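The values are calculated or read from the model by the stated rules, or taken from the named source; none is laboratory data. This one's a predicted model, so the numbers in the text were calculated from it and none came from an experiment. Note that each Cβ is placed from the backbone with ideal geometry, even for glycine, and that neighbours are counted across all protein chains shown. For accessibility, only protein heavy atoms count, side chains too; no ligands or nucleic acids. Shrake-Rupley method; radii C 1.70, N 1.55, O 1.52, S 1.80 Å.
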Amino acid sequence: MVTPMRPPKVLSDHEAVSQFASEWLSTRLRERPGSLLCLAAGSTPTRTYELLAERGGREPALFERCKLLKLDEWGGLPMDDPATCERQLRSVLVEPLRLTERNTAFQSQPADPQQECARVGEWLAQHGPIDACVLGLGLNGHPGFNEPGETLTPHAHIAELSAASLTHDMLEKSARRPTYGLTLGMAEVLQSREIWLLVSGIAKREP
């Protein structure tokens, strides 16, 4: 059952948002130790993940049973490229918490991108629903690579990246440019038991 929408919670700065979100996720893991977490990469949630990794050093039992599903990925970049969601989330959270064997992610250079979307979608159908989903907000208002349009794709899919998405700060770390995106669809996201959309910075005021 999806939790009803709450009023927005406004905090003083990015650190306060990160502290609040990390405490929320920790509380959910205490309540439901085997939770499936779906996490977005990007600058806004990174500090939240750093705080969770620090908490894992103090409370390792908190993360012993949880599973991690990554929300999306840049298509066409090697998995070890410094710009990938894989590289970012692995360095700040997956490896510090030793979640490597309980981590599921889109491959960034699959032989068949459509089949890769089907694989991730089937995995979620078997192991879901998502218990707690952390989303960021793109400069054009997208969650994941669900780019704005007349309709939204409900399930995991290949996304045509917008010009705004291709200016993302993450891509400054790479000499290459992605050629498409891979992402969960909005129906899969909205089936989560609880969703938190983290928004920080003046650039996000308009979206």
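General observations
- Bridgeable aspartates and glutamates around Lys173 (alpha carbons under 13 Å apart, same-chain partners fewer than 8 residues away excluded): Asp80, Asp81.
- Cα-based shape type of the stretch 60-152, given that a ≥ b ≥ c are square roots of the gyration tensor eigenvalues and the cut on a/c is 1.5: rounded
- Here the stretch 126-153 is scanned for amide nitrogen atoms under 20 Å from the site 7 Å beyond the Cα of His14 along Cα-to-Cβ, giving 134-144.
- Given +1 at the Cβ of Lys and Arg, -1 at the Cβ of Asp and Glu and no other charges, the dipole of the chain around its Cα centre is 500 debye to the nearest 20.
- The Stokes-Einstein estimate for the stretch 38-107, based on a Kirkwood radius over Cα pairs and taken at 4 °C with 1.567 mPa s viscosity, is a diffusion coefficient of 105 µm²/s.
- The 1.4 Å probe gives accessible areas that order Glu31, Glu206, largest first, as Glu206, Glu31.
- Average accessible surface area per residue within the stretch 60-167, 1.4 Å rolling probe, Å²: 46
- Given charges at beta-carbon only (K, R positive; D, E negative), |dipole| of the stretch 105-197 in Debye: 220
- Volume per residue that the Cα convex hull of the chain spans, once the total is divided by residue count, Å³: 123
- Gyration tensor verdict on the stretch 148-207 (Cα atoms; rounded if a/c is under 1.5, prolate if a/b is larger than b/c, oblate otherwise): oblate
- Overall form of the stretch 105-207 per C-alpha gyration tensor (a/c, 1.5; a/b vs b/c): oblate
- Counting only DSSP beta bridges whose two residues both lie in the chain, roughly 35 percent are antiparallel.
- Across the options Met5, Thr167, Trp74, the greatest Cα extent toward the positive end of the charge dipole of the chain (unit charges at beta carbon of Lys, Arg, Asp, Glu) belongs to Met5.
- Semi-axis lengths, largest first, of the ellipsoid equivalent to the stretch 73-122 are 20, 14, 6 Å, with √(5λ) applied to each eigenvalue of the Cα gyration tensor.
- The chain - percent of accessible surface contributed by carbon and sulfur, probe 1.4 Å: 52
- The stretch 89-134, dipole about Cα centre (Lys/Arg Cβ +1, Asp/Glu Cβ -1), debye to the nearest 20: 140
- Cysteines (scope the chain) whose Cβ has no counterpart Cys Cβ under 4.7 Å: Cys66, Cys85, Cys117
- Residues whose amide H falls under 5 Å from that of Ala41, counting only those 5 or more places apart or on a different chain, are Leu71, Asp72, with hydrogens built in the peptide plane.
- Karplus (6.51, -1.76, 1.60) ³J(HN,Hα), θ = phi - 60°, over the stretch 92-108, in Hz, Gly and Pro reported as x: 8, 9, 4, 6, x, 9, 6, 9, 4, 7, 10, 10, 10, 8, 5, 6, 7
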